[in-house]
């Protein structure tokens, strides 16, 4: 039997752990894995595009465990009451090839993305960050808010979304959370939200080359956490922001980000730094207080690998039912797969009937 | 909720339908899909190799439905009581990106492989085929036997495996099935099994460049159904068999077979025919009674796509419980993913505690 963590179980595990602690633990797992970057067998994700969206598979392995995530991106889904992004994934043992965990990853992707964003900001943002602009107030926004409040000490959130109902929803959810010391401001435009912010997080869904952030909005010393631009033809930053002489761009995995990230707008020799290089001390995440640092996040398979391993450990140790599913056969004789259907009397009765038909 | 067909449900569906009829229906589905070959977005599978095996992802889409299969190949698994090959897969809607079916595919892969083998043989083997050599008597062998008995009219099966226990198991299972008119012969060697056979099916598991069939075994007019050679470094035929002037090689998907099939042994310009070309009438599967036809089968994503769609239809129409799993969230407001964990009182209680810790 394969362990199974569906929506109900992940909800239970997150609630038991606490959302902020869950994000913090994920950030630690992800950091530990990025520190052994060379051990991973990496490849850009496999994407199939249609006129309305994309479906992607994201495999990775460290030689001991293997994982993949299935994830879609369909910006127009919300108009029919469906999520823009849904995901699930599997953790497997490399030595046997057997899957050991199947998990929902829709909720988990939002949690791990917030963890990755906060982790990168810890290495890239200025030391004392108090205010963050949050542009795009949809499905991922609460997770980003909690992550940055808990891990970066953000105490002022400046919200903007083209859809006012999304901002209202985010305000309501944040109010219910009562995050200590957090002030939430609703802004009338992206420019107003960004003005004076230490960190700017963009988590918008539109699949086009958008310019959510334009050059005149950007102030020296800002850290930009650009989350929403994550597939070919889907960007959030005006290219001139990347071209600033004082800009520093960090990506997760260069080969994938050149295709999918904000840097898809730039020539192939545009300088980027891989996050693992920063952790390894071979590059810096920020050289001085006035640099504009940009985490050009697209989401990499390693983050899901870390999240699946963490979920699996929690699933096995936490309270509540440890659900499993019969995804893989269990046989007395592994060469006798047929026993699953051939042993039944029905199977030996039906064949002559069919053959004479 | 996502439909779920695990081992128990697939066993129930196959038993209700009858194994031979199930294989026949799969062959029809697969043929129909190969006839619209141009409509599919195809790519070679994504493989991650380790010293002991391989884990692969096999995605495909026709623009309306998307599917992928996860499959491993670990020849040494049987020594620890595990299967060489396990698999599962998902069917999804391209328009929304939502998964609609998660299914076991270990049993189903054996069934669809037998269906594909029999389908190819119908277009490639001589008209009156009575005897088949079956080399490799492991997990897939019963399915091949049933498929060829039912769809090709095979009435003599000549068995050989390096592991005598595997042959004993196959004999026992075939005896229990009482396939009408079928004579089963146990042979002392591959050469003895192959001698005089109309069709030779090889389904061996060893991951190396093996020469299960050597040139002197091959007789004019034979059809070779080479199933086991299906990844880089894993072949079953001596290259000189492919080099015979009277040999005709048909593959599923040229781009993948050049990497994984028997033809990985041959230069890049070695002539192969894609099976879809045969169905479309642009190529022939056999030119005359004396040609040696070779179906260099590696298994292509389209076959799993057909199988998943068929399983989904059966699952929704057949008797028995229509199991579902909570793999994807259902939300009143799709932009309010956080409601899944944030609405609970526990979530608003825990955060202040964590923040003050």
From the set of residues in segment B:66-76 that are modelled with pLDDT under 95 and within 10 Å of another protein chain (Cβ to nearest Cβ), which is surrounded by the most Cβ atoms within 10 Å (Cβ to Cβ)?
B:74
Given the conditions (1) over 21 Å from residue B:300 (Cβ atoms); (2) within 12 Å of chain A (Cβ to nearest Cβ); (3) surrounded by 23 or more Cβ atoms within 10 Å (Cβ to Cβ), which single one is not true for residue B:190?
(2)
Which one of the conditions (1) assigned to a loop (DSSP other than H, G, I, E, B); (2) not assigned by TED's automatic domain parsing to the domain that holds residue B:314 does residue B:122 fail to meet, given that it meets all the rest?
(1)
Residues in segment A:34-56 that are crowded, with 21+ Cβ neighbours inside 10 Å and either assigned to a helix (DSSP H, G or I) or touching a helix residue (DSSP H, G or I) at 6+ places or on another chain (Cβ under 9 Å) (or both) total 3
Looking at segment A:74-84, can you tell me whether even one residue there is in contact (Cβ under 8 Å) with a residue 12 or more places away in the chain, touching a helix residue (DSSP H, G or I) at 6+ places or on another chain (Cβ under 7 Å) and not in a helix (DSSP H, G or I)?
yes
Considering every residue within segment B:101-110, establish whether at least one is modelled with pLDDT under 95 and surrounded by 24 or more Cβ atoms within 10 Å (Cβ to Cβ).
no
Before we move on, is residue B:27 in contact with a helix residue (DSSP H, G or I) (Cβ under 9 Å, 6 or more places away or on another chain), more than 10 Å from chain A (Cβ to nearest Cβ) and on the phi < 0 side of the Ramachandran plot?
yes
The one condition residue A:296 fails out of (1) at pLDDT below 95; (2) surrounded by 23 or more Cβ atoms within 10 Å (Cβ to Cβ) is (1)
Got a sec? Which of A:33, A:41, A:3, A:62 is at pLDDT 95 or above and at the interface with another protein chain (Cβ under 7 Å from one of its Cβ atoms)?
A:41
So residue A:114 clears everything in (1) within 7 Å of chain B (Cβ to nearest Cβ); (2) within 26 Å of residue B:332 (Cα to Cα) except one condition, right? Which one?
(1)
Please determine whether any residue of segment A:166-187 is more than 14 Å from every other protein chain (Cβ to nearest Cβ), modelled with pLDDT of 95 or more and under 28 Å from residue A:74 (Cβ atoms).
yes
Say whether the condition of being at pLDDT below 95 and in contact with a strand residue (DSSP E or B) (Cβ under 7 Å, 6 or more places away or on another chain) is met by at least one residue in segment B:241-255.
no
Just checking, how many residues over segment B:125-149 are buried (at least 24 other Cβ atoms within 10 Å of the Cβ) and closer than 22 Å to residue B:279 by Cβ?
4
How about segment B:125-140: which of its residues are under 21 Å from residue B:293 (Cβ atoms) and either touching a strand residue (DSSP E or B) at 6+ places or on another chain (Cβ under 8 Å) or outside the structural domain of residue B:163 (by TED's automatic domain parsing) (or both)?
B:125, B:126, B:129, B:130, B:131, B:132, B:133, B:134, B:135, B:136
Enumerated helices (runs of 4 or more DSSP H) restricted to segment B:217-324, each holding at least 1 residues that are in the same structural domain as residue B:6 (by TED's automatic domain parsing):
B:301-317
Candidate set from segment B:85-106 (those that are facing chain A (nearest Cβ under 7 Å) and within 25 Å of residue B:231 (Cα to Cα)); member that is farthest from the chain's Cα centre (by Cα)
B:90
Looking at (1) closer than 30 Å to residue A:7 by Cβ; (2) modelled with pLDDT under 95, which is the one condition that is false for residue A:311?
(2)
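The values are calculated or read from the model by the stated rules, or taken from the named source; none is laboratory data. None of these values were measured; they are calculated from a predicted model. Heads up, the Cβs are rebuilt from the backbone with ideal geometry, glycines too, and the neighbour counts pull from every protein chain shown.
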